[in-house]
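Heads up: the structure comes next, in structure tokens.
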Amino acid sequence: MTLTQIKYLIKIVGCGSMNKAAEQLYVAQPSLTGAIKELERELGFSLFNRSGKGVSLTPDGVEFLMYAKEVYAGYETLMEKYGDGAKIKKKFGVSTQHYSFAIKAFVEMVKGFDTTEYEFAIRETQTRMVISDVANLRSEIGLLYMSDFNRKALMKLLSASNISFNKLIDCDAFVYIWKGHPLAREKSINFEQLKDYPCLSFEQGDNGSFYFAEEILTTNEYPRTIKANDRATMLNLMIGLNGYTLCSGIICEELNGDDYIAVPYEDKQNPNSVMEIGYIKKKGISLSQTGEDYIEHLKKYLGVVE
């Protein structure tokens, strides 16, 4: 088994086709096919189901790919730190719940990057996908929050995927609204004051557990609720319908604009009103230099003191 074979395997899965993978790898298809068949002979099982429409992983292939990605990610990290970095295209991905500070840190990290070749990705997505992306090494880092309400469920899921949670900061709950909202001048807002306005939350999919909600205090009974799929839509609903959402209070005016404010939520006695924001990563795999840089930008923006 060689790193080249693992590289070929990962590329084929990403392309869904031997032909496309061969084109992107700049190798002849017979050489690519031969390398994979040799790997299958060594392993003693088939990695792919082959058909006229392309290829798909077998159950054994799915399991092997999970471990192969970990091995290759470790190799890339090793080469980034100790190899000829000038010849390596830097790759980095982060998946996150809908946090503007995550985007801000990403922007600052990219600005300071000193190479001409890189392939970066940032994915604002559902909580389940944040965990899945890190578990499958699609993203090196994931960003999400925990509270007394969801911690047990999320930690069980992270443990099953060999993922660690690394705390960054604790935040009290805030009510996020636009500056023209009837409650915008309040020094603090309680649950009773919010009953006449729609509560906005991010959609978590058809199978979305309430443990995956991005918004804190999801155990409350909200008489009016509206779900959205992206941050821009949610901001529009705040203005159009005087909607609100519950958040960490950490907002980025540079990205969201200055038409929105975060007002302290009054019920500080509820243990679920404290958000513990952190990042997740695969256990046993060190962060790349790019990943470390991203975390440092996060800590700087969040004011994390070590």
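On a full-extension model of 0.36 nm per residue, what is the gain between Leu78 and Ala160, subtracting their alpha-carbon distance, rounded to one decimal in nm?
Values: separation 82, 0.36 × 82 = 29.52 nm, distance 2.59 nm.
Fully extending the segment from Leu78 to Ala160 adds 26.9 nm.
Tally up the carbon and sulfur contribution to the accessible surface of the chain as a whole percent, 1.4 Å probe, everything protein left in place. The partial results should precede the final answer.
Details: 7780 of 15820 Å².
The computed percentage sits at 49.
Karplus-derived 3J(HN,Hα) values for region 51-57, using 6.51 cos²θ - 1.76 cosθ + 1.60 with θ = phi - 60°, are 8, x, 8, x, 10, 9, 6 Hz; glycine and proline are entered as x.
Placing unit charges on C-beta atoms (Lys and Arg positive, Asp and Glu negative, everything else neutral), compute the dipole magnitude of the chain about its Cα centre in debye, rounded to 20.
On the way: 35 positive and 40 negative charges, 161 e Å.
Around 780 debye, computed over the chain.
Expressed per residue, the C-alpha convex hull volume of region 162-306 stands at 147 Å³.
Dividing the Cα radius of gyration by the Kirkwood radius, what Rg/Rh value follows for region 1-130? Let's see the in-between values first.
On the way: Rg = 17.2 Å, Rh = 16.8 Å.
That ratio equals 1.02.
For region 112-180, the equivalent ellipsoid built from the Cα gyration tensor has semi-axes of 25, 22, 12 Å, listed from largest to smallest. Legend: P(r) of region 105-225 from all alpha carbon pair distances, 10 Å bins from 0, whole percents, reading 10, 33, 31, 20, 6, 0.
Using R0 = 25 Å, the C-beta based FRET efficiency linking Lys89 and Glu292 works out to 0.85. Full extension of the segment from Thr225 to Glu254, taken as 0.36 nm per residue of separation minus the current Cα-Cα distance, would add 7.7 nm.
Would you work out if the chain is rounded, prolate or oblate? Take a ≥ b ≥ c from the square roots of the eigenvalues of the alpha-carbon gyration tensor; rounded if a/c is under 1.5, else prolate when a/b is larger than b/c, oblate otherwise. It comes out prolate by the Cα gyration axes.
So how do 224-230, 197-203 stack up, highest first, on mean other-Cβ count within 10 Å?
Working: 224-230: 14.0, 197-203: 19.9.
Going by the mean number of other Cβ atoms within 10 Å, highest first, we get 197-203, 224-230.
Considering only Thr2, Gln289, Gln126, and ranking their Cα positions along the charge dipole of the chain that arises from unit charges at the beta-carbon of Lys, Arg, Asp and Glu, the one farthest toward the positive end is Thr2. List the aspartates and glutamates whose alpha-carbon lies under 18 Å from that of Lys283, not counting same-chain residues fewer than 8 positions away? Answer for Lys283, where 18 Å is the Cα cut-off: Glu63, Glu70, Glu76, Asp133, Glu140, Glu292, listed by chain and number.
Which FRET efficiency value, to the nearest 0.05, do you get for Leu43 and Phe113 by plugging their Cβ-Cβ distance into 1/(1 + (r/R0)^6) with R0 = 30 Å? Efficiency at R0 = 30 Å is approximately 0.20. Of the beta bridges DSSP finds with both residues in the chain, what % are antiparallel, to the nearest 5? Roughly 60 percent of the DSSP beta bridges within the chain come out antiparallel. Cross-linked pairs Lys89/Lys167; Lys90/Lys227; Lys11/Lys282; Lys69/Lys90; Lys91/Lys156; Lys20/Lys227: Cα-Cα separations exceed 27 Å for Lys89/Lys167; Lys90/Lys227; Lys91/Lys156; Lys20/Lys227. Counting only protein heavy atoms and a 1.4 Å probe, region 114-177 has 47 square angstrom of accessible area per residue. Taking the longest Cα principal axis of the chain as reference, the axis of helix 289-302 is set at about 0 degrees. Look at the alpha carbon pairs under 8 Å that are at least 6 residues apart: their mean separation over the length of the chain gives a relative contact order of 23 percent.
Comparing mean-square fluctuations of Val175, Val274, Val107 from a GNM of the chain with C-alpha springs under 10 Å, the top value falls on Val107.
Projecting the Cα positions of Ile277, Pro59, Met155 onto the charge dipole of the chain (unit charges on Cβ atoms of Lys, Arg, Asp and Glu, taken about the Cα centre) puts Pro59 furthest along the positive direction.
Ordering Ser248, Leu217, Asn236 by Cα displacement along the dipole of region 199-261 toward the positive end leaves Leu217 in first place; charges were set at the Cβ atoms of Lys, Arg (+1) and Asp, Glu (-1).
The values are calculated or read from the model by the stated rules, or taken from the named source; none is laboratory data. Only a predicted model underlies this, so the values are computations on that prediction, with no experimental measurement involved. We place every Cβ from the backbone using ideal geometry, glycine too, and count neighbours over all the protein chains shown. Please note that ligands, DNA and RNA were not included when accessible areas were found on the heavy atoms of the full protein model with its side chains. Shrake-Rupley method; radii C 1.70, N 1.55, O 1.52, S 1.80 Å.
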